[in-house]
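What follows is a set of notes on a single structure, which appears directly below.
The values are calculated or read from the model by the stated rules, or taken from the named source; none is laboratory data. Just so it is clear, the model here is predicted, and its values are computed rather than measured. Methodologically, a virtual Cβ is constructed for each residue, glycine included, from the backbone with ideal geometry; neighbour enumeration extends over all protein chains shown. Accessible surface areas use protein heavy atoms only, side chains included; no ligands, DNA or RNA. Shrake-Rupley method; radii C 1.70, N 1.55, O 1.52, S 1.80 Å.
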Amino acid sequence: MKGLTLEQLQVRTGIPVPVLRQYESGRMLRPQDHVKLARALSVGVEVLKARSDPPPPPSKSPDTGRRNPLPQSRPALRPAAKPPAPPKSNGVDIAPAAPKVEPPIREAQLRAIDTLAMKLGMLPEELAADLGKPAQQLSAREARAWLREQYERLSSQASSNKMPGQARRAALPEAVDTFELKYLTDAQRAGARLTAKLFNGEMHSGRLIGFSPYTLTLRLDDGHEMTLQKLAIAYYTCAVEAA
Amino acid sequence: MSLGDHLRFLRALRHEDGMNGLAAALGEADARKLREIEYRYRDLSDEDLVRKLAAYYGAPVEELMWHRARSRRALSDYLLAVHAEKRPAELRLRTGDVLTGRVVWWDLAAIGLETADNQPIVVVQRHAVVDWPLAG
């Protein structure tokens, strides 16, 4: 937009100077501004659109976890890295569509690849073979694709190793209730009779028909069901009755 | 029995006290700290709060401090030691029972205790264990 100051362009388009400044620094053009700018610069809308990069794929970058803040529907008007001598059009310089240059791999992507390779137990030469070239020579897009593929592989491996309904649990006995859960599951499957002593000294006995982390449910001898709060229980035993 | 378990027991005996009501009665700005002690067994090392709780429940401060020394972690350390040394564990419960036996397993909520050979194990709820032989 050489030849015109931002203030002049603001007068011509009605687009505030700060917004124009953002467009210059690479922000996506709002669709309604395409026409205003094209008219003010006396160029076709397609010329401005040609300067815009194609929208990035609408996916989360696996290496940073950041979402692309730019919606797909908005094309980006980015300054070309080294624009060739722009042709003049009615006194206003408009750069032609620059040949697309693949941005190189970012530092964060390099670190993510190293970390992932370590997690996958890949040696440097195996990594280079898998990537097809040294990681430093990848483009950002290639790095993103490789990282996405590996993360998906890791995630499918993790989900196939997990039992259905199994939640993520810590490994320490102090942090899980797995042992009691297993004990009660086995007892219920075996149709065991549970006898519980409560804090107030009462004893209750019946067939274990259900339980939760906080309760036990018994079928009493008279056919009634009784649910006991574990907080009220001091201890209990389960015994399989002889047939 | 840890201080958290004991406080929960004392609060249950009073029936009417919710956690927010307790916080208000103690002059605490909110119930966050009390929840941390009761539900998450955190030792917040706030002796002033322990004194206020003792006054509120009409219990001696020493009683609460006694429970404070018997944290869940201390019970875990004991269970780990007897399990590793293949010694029988001795657990005194709030019901007055004293159970002795081999620790088969333990976890967040309970302890599986084999009190006699060829008998079903006794599942002791951790919150019911009042005392055990402390190390040292």
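Restricting B:Tyr56, B:Tyr78 to those that are open to solvent by 40 Å² or more (accessible area, probe 1.4 Å) and more than 9 Å from chain A (Cβ to nearest Cβ) reduces the list to B:Tyr56.
The number of residues in region A:208-243 being among the hydrophobic types (A, V, I, L, M, F, W, C) and assigned to a strand (DSSP E or B) comes to 11. Output yes when any residue across region A:228-238 is over 19 Å from B:Gly112 (Cβ atoms), among the aromatic types (Phe, Trp, Tyr) and touching a strand residue (DSSP E or B) at 6+ places or on another chain (Cβ under 6 Å), and no when none is. There is no residue in region A:228-238 that is over 19 Å from B:Gly112 (Cβ atoms), among the aromatic types (Phe, Trp, Tyr) and touching a strand residue (DSSP E or B) at 6+ places or on another chain (Cβ under 6 Å).
For every residue, the table says whether it meets (1) closer than 21 Å to B:Ala12 by Cβ; (2) more than 14 Å from chain B (Cβ to nearest Cβ); (3) not acidic (Asp, Glu).
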residue: A:Ser205; (1), (2), (3): no, no, yes
residue: A:Ile209; (1), (2), (3): no, yes, yes
residue: A:Tyr214; (1), (2), (3): yes, no, yes
residue: A:Asp222; (1), (2), (3): no, yes, no
residue: A:Glu225; (1), (2), (3): no, yes, no
residue: A:Gln229; (1), (2), (3): yes, no, yes
residue: A:Ala234; (1), (2), (3): yes, no, yes
residue: A:Ala239; (1), (2), (3): no, no, yes
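Could you please find all residues in region B:86-119 being under 14 Å from the mean Cα position of the chain (by Cα), touching a residue at least 24 places away in the same chain (Cβ under 8 Å), at the interface with chain A (Cβ under 8 Å from one of its Cβ atoms) and not in a loop (DSSP other than H, G, I, E, B)? Once the filter is applied, which keeps residues that are under 14 Å from the mean Cα position of the chain (by Cα), touching a residue at least 24 places away in the same chain (Cβ under 8 Å), at the interface with chain A (Cβ under 8 Å from one of its Cβ atoms) and not in a loop (DSSP other than H, G, I, E, B), region B:86-119 yields only B:Leu93. Within region A:109-137, residues that are in a helix (DSSP H, G or I) sit with their Cβ atoms under 8 Å from residues that are open to solvent by 80 Å² or more (accessible area, probe 1.4 Å) and of a type in the set (S, T, N, Q), at 6+ positions apart or across chains, in these pairs: A:Leu110/A:Gln136. Scanning region B:53-85 for residues that are assigned to a helix (DSSP H, G or I), among the small types (Gly, Ala, Ser) and closer than 13 Å to B:Met1 by Cβ gives B:Ala69, B:Ala74. Of all residues in region B:120-136, those being farther than 18 Å from A:Leu184 by Cβ and within 13 Å of chain A (Cβ to nearest Cβ) number 2.
For region A:206-222, filtered to residues that are within 26 Å of B:Arg8 (Cα to Cα) and surrounded by fewer than 18 Cβ atoms within 10 Å (Cβ to Cβ), the residue that is farthest from the chain's Cα centre (by Cα) is A:Thr217.
Within region A:223-239, if we keep just the residues that are open to solvent by 100 Å² or more (accessible area, probe 1.4 Å) and touching a Gly at 6+ places or on another chain (Cβ under 9 Å), the residue that is nearest to A:Arg189 (Cα to Cα) turns out to be A:Glu225.
Quickly run through region B:108-125 and pick out the residues that are open to solvent by 50 Å² or more (accessible area, probe 1.4 Å) and in contact with a helix residue (DSSP H, G or I) (Cβ under 8 Å, 6 or more places away or on another chain). Listed by number, the list holds a single entry, B:Leu108.
I want to confirm something. Restricting to region A:192-203 and keeping residues that are within 22 Å of B:Arg11 (Cβ to Cβ) and open to solvent by 50 Å² or more (accessible area, probe 1.4 Å), which single residue is modelled with the highest pLDDT? Ranking the candidates gives A:Glu202 first.
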